[in-house]
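Here the structure is laid out as structure tokens; the discussion comes afterwards.
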Amino acid sequence: MSAPSVSFGVGPLSRAAALIHTLVTVEALLLAASAPGLAGLLLLRPDASNLPLAAVCLLPLGPALSAAVYALHHRDRDLTDLHPARTYWRGLRLNSAPALRLWAPLLAWLTVIAFTLTHFSATGLPGWWAVLLGLIGAGSLLWGAHALLLTSLFAFRTRDTARLAAYFLFRHGRTTLAAASLLVLAGGLTALLTEALPALLAAPLLLSLLHSGRPVIAQTQQDFTA
């Protein structure tokens with residue numbers, strides 16, 4: 001008896017090729033969607049006074065990241081039926097406004113924290129305030145990681161997404177720790193090598209965030225969607 005045939009496009013090598021193709025395509029589209037802001041960042045001098053302008057330049061990054069998460073979550077595994085570009089643009093169309101409603105306030109809040117820390121000596125506050133502000137900033141970034149997953153994959157109201165992101169920040173500690181590890185990795189790559197490297201590796205980092213966020217996604221689907 002002959003062995004059962006396997007259709008082309010569904011084997012392990014084909015799935016690996018499909019994943020690589022999707023990651024490369026999503027990475028290229030993410031960079032293209034956020035290119036205006038990233039170009040503006042390159043023109044800014046590394047000075048604390050430019051922090052508000054840097055925040056404005058980073059505004060397009062929020063919708064671009066959200067569309068990338070959407071495309072990676074809905075990616076095809078079959079090499080013969082890949083449409084990552086079409087999925088990315090659909091995610092950008094669906095998620096741009098919801099992502100901006102969360103991303104813009106988060107950027108503004110982080111800018112205030114960063115500006116305060118870079119001018120801390122002028123505030124006259126005790127040193128432990130700097131540590132507290134640093135912890136608040138880190139917590140805000142981790143909240144943003146949860147909010148990115150939720151706003152990319154679900155159509156909740158902005159305030160409901162914000163509340164769920166805060167809830168999952170403590171409810172799913174492993175996901176939060178995984179997000180913290182990715183943020184540390186991105187920060188380390190920026191500090192040790194170049195600021196461009198985290199942007200060039202954004203798609204694999206977001207795929208890791210999606211993988212670690214599966215408990216959050218599963219509970220949201222089970223408990224908070226009809």
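The values are calculated or read from the model by the stated rules, or taken from the named source; none is laboratory data. Keep in mind the model is a prediction, meaning the values are calculated, not measured. Heads up, the Cβs are rebuilt from the backbone with ideal geometry, glycines too, and the neighbour counts pull from every protein chain shown.
Is it fair to say Leu41 is assigned to a loop (DSSP other than H, G, I, E, B) and either at pLDDT 90 or above or not polar (S, T, N, Q) (or both)? In short, no.
Listed by first and then second residue, the pairs linking a residue in the range 11-23 that is on the phi < 0 side of the Ramachandran plot to a residue that is among the acidic types (Asp, Glu) and loosely packed, with under 15 Cβ neighbours inside 10 Å, with Cβ atoms under 7 Å apart and 6 or more places separating them unless they lie on different chains, are Ala18/Asp78. Taking helices (runs of 4 or more DSSP H) as the structural unit, those lying wholly within the range 75-178 and holding at least 1 residues that are of a type in the set (Ser, Thr, Tyr) and within 14 Å of the chain's Cα centre (by Cα) correspond to 84-118, 127-153. Cβ-Cβ distances below 9 Å connect the following pairs, each with a first residue in the range 35-59 that is β-branched (Val, Ile, Thr), a second residue that is crowded, with 17+ Cβ neighbours inside 10 Å, and a separation of six or more residues or different chains: Val56/Gly37; Val56/Leu107.
Only residues that are closer than 26 Å to Leu31 by Cα and of a type in the set (Lys, Arg): list them for the range 170-226, please.
Within the range 170-226, the first condition is being closer than 26 Å to Leu31 by Cα, and the residues that meet it are 175-176, 178-214, 217.
Within the range 170-226, just Arg214 meets the criteria.
Residues in the range 137-167 that are loosely packed, with under 13 Cβ neighbours inside 10 Å and of a type in the set (A, V, I, L, M, F, W, C): Ala155 only.
Figure legend. Inter-residue proximity from the range 203-226: first residues assigned to a helix (DSSP H, G or I), second residues β-branched (Val, Ile, Thr), beta-carbon distance below 7 Å, spacing 6+ or different chains. Indicated pairs: Ala203/Val26; Leu206/Val69; Leu210/Val69; Ser212/Thr175; Pro215/Thr175; Val216/Thr175. Checking each residue in the range 27-76 for being acidic (Asp, Glu) and surrounded by fewer than 15 Cβ atoms within 10 Å (Cβ to Cβ) picks out only Asp47.
Considering Leu197, Leu183, Leu189, which residue is within 17 Å of Ser140 (Cβ to Cβ) and assigned to a helix (DSSP H, G or I)? Give the steps one after another, and end with the answer.
Numbers: Leu197 fails: within 17 Å of Ser140 (Cβ to Cβ); Leu189 fails: within 17 Å of Ser140 (Cβ to Cβ).
Step by step, each of Leu197, Leu183, Leu189 is checked, and only Leu183 is within 17 Å of Ser140 (Cβ to Cβ) and assigned to a helix (DSSP H, G or I).
Could you tell me whether any residue of the range 53-61 is assigned to a helix (DSSP H, G or I), farther than 20 Å from Leu31 by Cβ and either in contact with a helix residue (DSSP H, G or I) (Cβ under 9 Å, 6 or more places away or on another chain) or not acidic (Asp, Glu) (or both)? Yes - at least one qualifying residue is present in the range 53-61. Return only the number of the condition from (1) within 16 Å of Val69 (Cα to Cα); (2) under 11 Å from the mean Cα position of the chain (by Cα) that Leu201 does not satisfy. Tallying (1) within 16 Å of Val69 (Cα to Cα); (2) under 11 Å from the mean Cα position of the chain (by Cα), Leu201 fails exactly one: (2). Looking at the structure I just gave you, is Thr176 buried (at least 18 other Cβ atoms within 10 Å of the Cβ) and among the β-branched types (Val, Ile, Thr)? Yes: the conditions hold for Thr176.
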